[in-house]
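Engineer: My structure is below; once you've seen it, I'll send some questions.
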Amino acid sequence: MTNGRLKRDVPLVRRGWPRSAIAGLLAVLGVGLFLAVWIWWLAARNPNVRFLSRIGPAEWIVYPLVPRAKARNAIEMAGVFQPAPPCRFERSGDAKSP
């Protein structure tokens, strides 16, 4: 105490984000921005990637086919059912080892 007042040189609660958290956030945002620009460049500028063709009348538009509501021929399948062996329930302590 100095002159009846508390000396507050060090704040009790730290305000703001730590520098490591800000640096990590900036790194993640930077990598995300780099990847977005790289994908844009590949799609728009790289001639080896055929993203949307500039030649021809919208070759990339593909219309869906009309659904076929035609019945198909039935096939016959055979199924063989066998009775299951009877189940025996044993306690874990009662199990006999061979």
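The values are calculated or read from the model by the stated rules, or taken from the named source; none is laboratory data. Bear in mind that the values here come from a model prediction, so they are computed numbers and not experimental data. As a convention, Cβ positions derive from the backbone with ideal geometry for all residues, glycine included, and neighbour counts pool all protein chains shown.
Engineer: Please find, among LEU12, LEU65, LEU6, the residue that is out of contact with any strand residue (DSSP E or B) (no Cβ under 6 Å at 6 or more places or on another chain), of a type outside the set (Gly, Ala, Ser) and modelled with pLDDT of 75 or more.
Structural biologist: Working: LEU12 fails: modelled with pLDDT of 75 or more; LEU6 fails: modelled with pLDDT of 75 or more.
The conditions single out LEU65.
Engineer: Same structure again: Any residue at all in the stretch 15-31 that is part of a loop (DSSP other than H, G, I, E, B), at pLDDT below 70 and not polar (S, T, N, Q)? Please lay out each step first, then the result.
Structural biologist: Of the residues in the stretch 15-31, the ones part of a loop (DSSP other than H, G, I, E, B) are 15-18.
Retained after the next criterion (residues that are at pLDDT below 70): none.
Taking every residue of the stretch 15-31 in turn, none turns out to be part of a loop (DSSP other than H, G, I, E, B), at pLDDT below 70 and not polar (S, T, N, Q).
Engineer: Going by what's in this entry, would ALA44 be described as under 28 Å from the mean Cα position of the chain (by Cα) and either exposed (fewer than 10 other Cβ atoms within 10 Å of the Cβ) or at pLDDT 75 or above (or both)? Break it down stepwise before answering.
Structural biologist: On the way: under 28 Å from the mean Cα position of the chain (by Cα): yes; either exposed (fewer than 10 other Cβ atoms within 10 Å of the Cβ) or at pLDDT 75 or above (or both): yes.
Spelling it out, ALA44 is indeed under 28 Å from the mean Cα position of the chain (by Cα) and either exposed (fewer than 10 other Cβ atoms within 10 Å of the Cβ) or at pLDDT 75 or above (or both).
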